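As structure tokens, the structure follows; a few thoughts come after it.
The values are calculated or read from the model by the stated rules, or taken from the named source; none is laboratory data. Given the structure is predicted, the values throughout are model-derived calculations rather than measurements. We place every Cβ from the backbone using ideal geometry, glycine too, and count neighbours over all the protein chains shown.
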Amino acid sequence: MGIEKNPIKSIEWIITDRCNYECSYCFQRSYAKRSHCSDEVTEASFGLFASLEGRWHIKLIGGEPLLHPRLLEMSEKIVEYGHCLSTTTNFSFPIHRLTEWSMQCGDRLVSVTASLHLNQVQSLTDFVGKCVAFNRLKSPGTHFAVTSVVTEDNFEQLKEIERDLDREGVLFAYQVMRVGGRFVKYPPEIEEHIGASLATNTSSLRDHRLFGTLCRTGELFFKIEVNGDAYRCLMPQALYSMGNITRGTFKRFARPLPCTSLICTCTTPANRNMILYGQKAHLWETVLAGLGGLPASLPHLSGKVRSRIRRRFRSR
Ligand code: SF4
Ligand code: SF4
């Protein structure tokens with residue numbers, strides 16, 4: 001059993017499904033026709049954040065989160081309630097907007113990740129220049145890094161970008177591509193190079209099978225969708241749904257519960273120390289927890305996933 005690290009209480013708040021980019025690989029298909037979270041969901045989220053004890057780390061995500069018209073107010077409220085915030089953005093906005101927002105949040109903006117989408121960025125030189133400028137102008141307490149999904153085709157180009165950014169003191173991390181909900185394996189020369197610069201915790205998730213492992217998601221980590229539905233983590237599974245924050249059905253789990261997903265690519269919960277590696281629930285507890293959570297989660301599980309879960313229960 002590994003040394004247990006302190007969990008960082010966190011929420012992923014999906015404030016919009018819209019995006020100004022059209023990446024062909026976008027699993028959310030976050031294009032212009034999608035919606036921002038409504039005023040009702042925004043107000044319910046504020047109420048929830050105000051009720052949370054201690055400091056929570058609230059990550060604003062999308063789509064492209066910086067498109068939300070109430071972004072500044074959302075950031076202000078999060079700070080006012082004593083929490084901190086972070087975001088992952090495609091970094092397409094002008095540098096003055098990015099720095100103004102960063103200044104407004106100060107050190108409570110603990111992390112900004114600029115996600116580089118090579119096929120959407122108009123000028124790579126401008127993108128790199130903006131990253132260098134932001135790194136200089138941001139609040140000292142804000143961690144800043146650039147990430148990009150590596151493929152066999154873009155590997156050499158990303159290596160060059162990594163070198164350019166490194167020269168300017170900007171962190172760069174490779175993201176591993178996911179296909180069918182799983183991390184892919186690259187040829188050895190790519191694996192060897194990216195090994196030291198992988199987005200944090202990718203390796204630990206790649207190396208473990210977590211079904212039945214106790215996980216604090218649902219208790220100390222959850223995500224809120226644009227429509228106010230709340231979920232334990234990013235992997236649809238039997239124990240998944242936490243209700244809806246606008247309908248009075250939202251409920252946090254009271255303790256760590258077993259993972260009922262056959263795969264896990266949830267790097268953020270892993271980075272927040274939610275997964276209790278090596279601590280497996282008893283099989284009966286996993287089965288009961290899974291069956292208890294199944295009715296609320298059924299709409300999110302495909303028939304294929306449901307039958308794979310049933311097979312797994314039978315084979316243990
Ligand atoms: S930038 Fe992100 S959210 Fe927008 S289309 Fe690309 S992958 Fe999707
Ligand atoms: S999929 Fe990952 S984050 Fe989600 S419950 Fe399982 S171990 Fe935890």
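Data overview
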item	result
Test result for Ile15, among the aliphatic types (A, V, I, L, M), more than 16 Å from ligand 2 (Cβ to nearest atom), under 17 Å from His143 (Cβ atoms) and within 19 Å of the chain's Cα centre (by Cα)	no
Test: Gly63 is within 16 Å of ligand 1 (Cβ to nearest atom), in contact (Cβ under 8 Å) with a residue 24 or more places away in the chain and small (Gly, Ala, Ser)	yes
Test set (1) crowded, with 19+ Cβ neighbours inside 10 Å; (2) among the β-branched types (Val, Ile, Thr); (3) farther than 22 Å from Asp126 by Cα; (4) at pLDDT below 95 - Val184 fails condition number	(1)
Of residues in region 32-47 being surrounded by fewer than 20 Cβ atoms within 10 Å (Cβ to Cβ) and not hydroxyl-bearing (Ser, Thr, Tyr), the one farthest from ligand 1 (Cβ to nearest atom)	Gly47
Close pairs (9 angstrom Cβ cut-off, 6 or more residues apart or separate chains): within 16 Å of Leu165 (Cα to Cα) and of a type outside the set (A, V, I, L, M, F, W, C) in region 101-119, within 16 Å of ligand 2 (Cβ to nearest atom) and in a loop (DSSP other than H, G, I, E, B) anywhere	Thr113/Ala199
The lone exception for Asp153 - which of (1) under 20 Å from His117 (Cβ atoms); (2) at pLDDT below 95; (3) touching a helix residue (DSSP H, G or I) at 6+ places or on another chain (Cβ under 9 Å); (4) not hydroxyl-bearing (Ser, Thr, Tyr) it fails	(3)
Residue list for region 211-223, restricted to those being touching a Ser or Thr at 6+ places or on another chain (Cβ under 6 Å) and either within 16 Å of ligand 1 (Cβ to nearest atom) or in a strand (DSSP E or B) (or both)	Phe221
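Let's see how each residue does on (1) closer than 25 Å to His36 by Cβ; (2) touching a residue at least 60 places away in the same chain (Cβ under 8 Å); (3) more than 15 Å from ligand 2 (Cβ to nearest atom):
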site: Ala238; (1), (2), (3): no, yes, no
site: Ser241; (1), (2), (3): yes, no, no
site: Asn244; (1), (2), (3): yes, no, yes
site: Arg247; (1), (2), (3): yes, no, yes
site: Leu257; (1), (2), (3): no, no, no
site: Asn271; (1), (2), (3): no, yes, no
site: Met274; (1), (2), (3): no, yes, no
site: Trp284; (1), (2), (3): no, no, yes
